[in-house]
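What follows is a short report on a single structure.
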Amino acid sequence: MQLSEQEIIRREKLTKLREMGIDPYPAALYPVDATSESVKQNYEEGKKVVVSGRLMSRRIQGKASFAELQDSAGRVQVYFNRDEICPGEDKTLYNDVYKKLLDIGDIIGIEGELFTTQVGEKTIMVKNFTILCKTLRPLPLPKQDADGNVYDEFNDPELRYRQRYVDLVVNPHVKETFIKRTKITNSIRQFYNERGYLEVETPILQPIPGGAAARPFLTHHNALNIPLYLRIANELYLKRLIVGGFDGVYEFSKDFRNEGMDRTHNPEFTVMELYVAYKDYNWMMDTTEQLLEKVAIDANGTSKVTVGENEIEFKAPYARVPILEAIKIHTGVDVAGMDEVELRETAKKLGLEVDETMGVGKLIDEIFGEKCEHFYIQPTFITDYPKEMSPLTKEHRDNPALTERFELMVNGKELANCYSELNDPIDQRERFEEQLRLSEKGDDEAMFIDQDFIRALEYGMPPTSGIGIGIDRLVMLLTNNSSIQEVLFFPQMRPEKKAVELTEDEKIVLNVIDSDDYTDDKFYLNEIKGRSGLSNKKWDKVTKSLKSKQIIEIFKSNDDVLIKLKD
């Protein structure tokens with residue numbers, strides 16, 4: 001392991017502390033009785049307090065020093081005075097331990113008394129301090145010059161998401177996002193608990209990945225010698241509980257889908273699903289409006305939320321638009337009654353990429369998603385989906401070609417999905433069999449047939465309405481974040497690339513390739529070679545090395561030989 005100069009120095013300080021008989025990682029309880037927040041809110045001159053936290057800044061002036069301590073509640077100023085800390089002749093604790101062996105980022109405990117400085121700052125006079133954790137890496141703290149310009153901010157998304165522990169320490173606003181996330185989930189729980197619904201847990205490892213149209217993650221259970229899937233949804237298990245006699249159940253579930261990643265999708269995500277007996281999707285629309293208005297107010301103190309350039313109003317009621325009408329409004333095409341061939345041709349005319357594996361449901365979904373969805377900024381219930389799009393949904397009471405389903409659109413994205421749940425076991429089996437036919441055509445997101453779920457329906461499930469709300473997307477909306485990675489503590493990341501040692505000749509070649517002279521992506525090998533100024537021997541050695549390190553690729557395009565950086 002190659003250490004930086006600062007890391008080496010910190011390890012040397014660690015050794016010196018141990019040589020002095022100071023344990024830099026003590027095991028004993030530290031008797032904290034105050035926080036940075038409570039010190040300021042419950043301030044009493046001369047009050048004795050015990051606090052702990054990270055040393056985040058200090059200004060040493062001889063035998064005195066002002067510093068900042070950061071804990072879970074914020075920061076507080078502390079004052080180190082040599083004679084207060086070391087009242088006797090031995091000044092080692094201040095002169096050596098504090099001034100020389102402590103570093104920014106170290107976690108310490110402080111016993112002291114409250115006082116107010118001449119400029120009115122509530123401060124802790126340190127009477128004694130204890131090292132609780134010696135840190136071995138320096139924090140990437142921002143610096144500010146005399147003109148107020150800030151440098152060295154820890155704001156690179158790749159590093160922030162990969163090292164969230166550092167992000168939370170040095171970027172306080174990030175912590176506020178996750179505090180608000182907890183407020184949001186607590187608000188939802190309170191809303192449902194007050195109505196008597198039961199929070200439950202259902203399996204994550206499932207023999208059949210049901211409840212949604214998505215590609216699952218597959219694993220294997222060695223003891224049972226069977227394949228298992230990480231759940232893509234918990235719907236079918238919650239419905240089994242409705243069959244079993246519960247009138248209302250909900251779950252905050254971790255779901256997993258083996259699909260693409262982007263600013264609104266992570267392979268592991270959180271969904272809240274609720275199922276209530278003897279209700280329908282109209283009741284659920286009313287209930288969802290009430291829920292989201294309450295959650296917005298609990299999280300932000302208002303039902304209005306700013307998201308990017310848009311102000312979104314979560315106050316009920318919300319608009320309700322049938323999906324086929326939405327498509328007609330925004331494309332000018334009436335797709336009602338079209339068969340698969342007609343829909344495929346329509347989609348092509350609208351400039352969409354489609355293939356032969358896509359049935360009626362997927363084709364309509366593609367048209368709406370690409371041509372309509374982004375228009376719905378204010379909360380809008382898109383309703384009455386065609387039966388082919390909704391294999392778990394009850395047939396519409398007024399139109400057998402449609403189902404009683406809605407999706408809630410907010411800021412141009414789906415936030416929730418709801419059905420009047422299908423409870424006819426014969427109809428459900430036929431819908432599953434249609435999904436099987438789609439799977440045989442090549443649709444790897446088609447649903448599996450869950451024979452046990454059908455058996456459960458045969459024992460009788462009362463009329464039921466169910467909804468799934470994407471918690472990550474809801475948090476994004478209520479915290480004004482455009483990326484799902486900002487609201488997940490630990491988003492999924494590509495494997496961390498190891499640093500590659502490069503020779504000077506290799507750096508020359510890469511700099512030429514990476515210059516701004518090749519905006520048309522035509523990296524002609526002979527041109528790059530000529531601009532590098534390397535001899536034939538050096539060129540051959542460099543390109544061979546860079547190819548072995550998986551940094552460049554050389555390939556033919558028509559009659560040209562091209563060279564480029566690997567993606």
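The values are calculated or read from the model by the stated rules, or taken from the named source; none is laboratory data. What you are looking at is a predicted structure, and each value in this text was computed from that prediction instead of being measured. Glycine gets a Cβ as well: all are built from the backbone with ideal geometry, and neighbour counts include every protein chain shown. These area figures cover heavy atoms from the full protein model, side chains too; ligands, DNA and RNA do not enter into them. Shrake-Rupley method; radii C 1.70, N 1.55, O 1.52, S 1.80 Å.
Of everything in the stretch 487-529 that is open to solvent by 50 Å² or more (accessible area, probe 1.4 Å) and of a type in the set (Ser, Thr, Tyr), the residue that is modelled with the highest pLDDT is Thr503.
Taking the criterion of being farther than 16 Å from Thr92 by Cα and among the aliphatic types (A, V, I, L, M), the residues of the stretch 50-67 that qualify are Val50, Val51, Leu55, Met56, Ala67.
Just one residue in the set Lys127, Lys134, Lys143 is closer than 16 Å to Ser57 by Cα and open to solvent by 30 Å² or more (accessible area, probe 1.4 Å); that residue is Lys143.
Under the condition of being acidic (Asp, Glu) and either open to solvent by less than 20 Å² (accessible area, probe 1.4 Å) or in contact with a Ser or Thr (Cβ under 8 Å, 6 or more places away or on another chain) (or both), the residues counted in the stretch 449-466 number 1.
Residues to consider are Thr306, Thr288, Thr302, Thr270; find the one that is crowded, with 17+ Cβ neighbours inside 10 Å, modelled with pLDDT of 95 or more, of a type outside the set (Lys, Arg) and farther than 30 Å from Leu436 by Cβ.
Within the list Thr306, Thr288, Thr302, Thr270, the selection yields Thr288.
Within the stretch 218-235, can you find the residues that are under 28 Å from the mean Cα position of the chain (by Cα) and either over 17 Å from Ala416 (Cα atoms) or assigned to a strand (DSSP E or B) (or both)? Those that are under 28 Å from the mean Cα position of the chain (by Cα) and either over 17 Å from Ala416 (Cα atoms) or assigned to a strand (DSSP E or B) (or both): Leu218, Thr219, His220, Leu228, Tyr229, Leu230, Arg231. Would it be correct to say that Val500 is among the aliphatic types (A, V, I, L, M) and either outside any loop (DSSP other than H, G, I, E, B) or free of Cβ contacts under 8 Å to residues at least 24 places away in the same chain (or both)? Against the criterion (among the aliphatic types (A, V, I, L, M) and either outside any loop (DSSP other than H, G, I, E, B) or free of Cβ contacts under 8 Å to residues at least 24 places away in the same chain (or both)), Val500 does not qualify.
Let's see how each residue does on (1) touching a Ser or Thr at 6+ places or on another chain (Cβ under 9 Å); (2) over 18 Å from Leu132 (Cα atoms):
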position: Pro24; (1), (2): no, no
position: Thr35; (1), (2): yes, no
position: Val50; (1), (2): no, no
position: Ser65; (1), (2): no, yes
position: Gly88; (1), (2): no, yes
position: Lys91; (1), (2): no, yes
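Taking the stretch 470-510 only, how many residues are more than 22 Å from Glu407 (Cα to Cα), among the acidic types (Asp, Glu) and within 10 Å of the chain's Cα centre (by Cα)? Number of matching residues: 1. If you go through the stretch 5-22 and pick out every residue that is in a loop (DSSP other than H, G, I, E, B) and in contact (Cβ under 8 Å) with a residue 60 or more places away in the chain, you end up with 2.
When Arg437 is tested against (1) buried (at least 21 other Cβ atoms within 10 Å of the Cβ); (2) charged (D, E, K, R); (3) free of Cβ contacts under 8 Å to residues at least 40 places away in the same chain, only condition (1) is not met. Can you say whether Pro462 is out of contact with any His (no Cβ under 9 Å at 6 or more places or on another chain) and within 25 Å of Phe246 (Cα to Cα), as far as the supplied structure shows? So Pro462 fits the description; yes.
Limited to the stretch 38-56, what total is found for residues that are within 19 Å of Leu141 (Cα to Cα) and either open to solvent by less than 30 Å² (accessible area, probe 1.4 Å) or in a helix (DSSP H, G or I) (or both)? Looking only at that region, the number is 3. Only a single item in (1) at pLDDT 95 or above; (2) in a loop (DSSP other than H, G, I, E, B) is not met by Glu259, and it is number (1). The sole residue among Gly196, Gly245, Gly211 that is on the phi > 0 side of the Ramachandran plot, surrounded by 14 or more Cβ atoms within 10 Å (Cβ to Cβ) and out of contact with any strand residue (DSSP E or B) (no Cβ under 6 Å at 6 or more places or on another chain) is Gly211.
Figure legend. Inter-residue proximity from the stretch 71-89: first residues closer than 16 Å to Ile124 by Cβ, second residues open to solvent by 40 Å² or more (accessible area, probe 1.4 Å) and in a helix (DSSP H, G or I), beta-carbon distance below 6 Å, spacing 6+ or different chains. Indicated pairs: Ala73/Glu37; Gly74/Glu37; Ile85/Leu93. Looking at the stretch 131-198, the helices (runs of 4 or more DSSP H) lying wholly inside it that each contain 2 or more residues that are among the polar types (S, T, N, Q) sit at 172-194.
The set of residues from the stretch 93-127 being acidic (Asp, Glu) and not in a strand (DSSP E or B) comprises Asp96, Asp103, Asp106, Glu121. Residues that are among the aliphatic types (A, V, I, L, M) and within 17 Å of Pro138 (Cα to Cα) within the stretch 1-37 comprise Met1, Leu3, Ile8, Ile9, Leu14, listed in sequence order.
Within the set Ile484, Ile469, the sole residue that is touching a residue at least 60 places away in the same chain (Cβ under 8 Å), closer than 30 Å to Tyr275 by Cβ, touching a His at 6+ places or on another chain (Cβ under 8 Å) and buried (at least 18 other Cβ atoms within 10 Å of the Cβ) turns out to be Ile484.
This table checks each residue for (1) under 34 Å from the mean Cα position of the chain (by Cα); (2) open to solvent by less than 20 Å² (accessible area, probe 1.4 Å); (3) modelled with pLDDT under 85; (4) more than 30 Å from Glu434 (Cα to Cα).
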| position | (1), (2), (3), (4) |
| --- | --- |
| Arg531 | no, no, no, yes |
| Lys544 | no, no, no, yes |
| Ser557 | no, no, yes, yes |
| Val561 | no, no, no, yes |
| Leu565 | yes, no, yes, yes |
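Scanning the stretch 344-357 turns up no residue that is surrounded by fewer than 22 Cβ atoms within 10 Å (Cβ to Cβ) and part of a strand (DSSP E or B). Looking only at the stretch 156-167, decide whether some residue is over 27 Å from the mean Cα position of the chain (by Cα) and open to solvent by less than 40 Å² (accessible area, probe 1.4 Å). The answer is no, given that none of the residues of the stretch 156-167 is over 27 Å from the mean Cα position of the chain (by Cα) and open to solvent by less than 40 Å² (accessible area, probe 1.4 Å).
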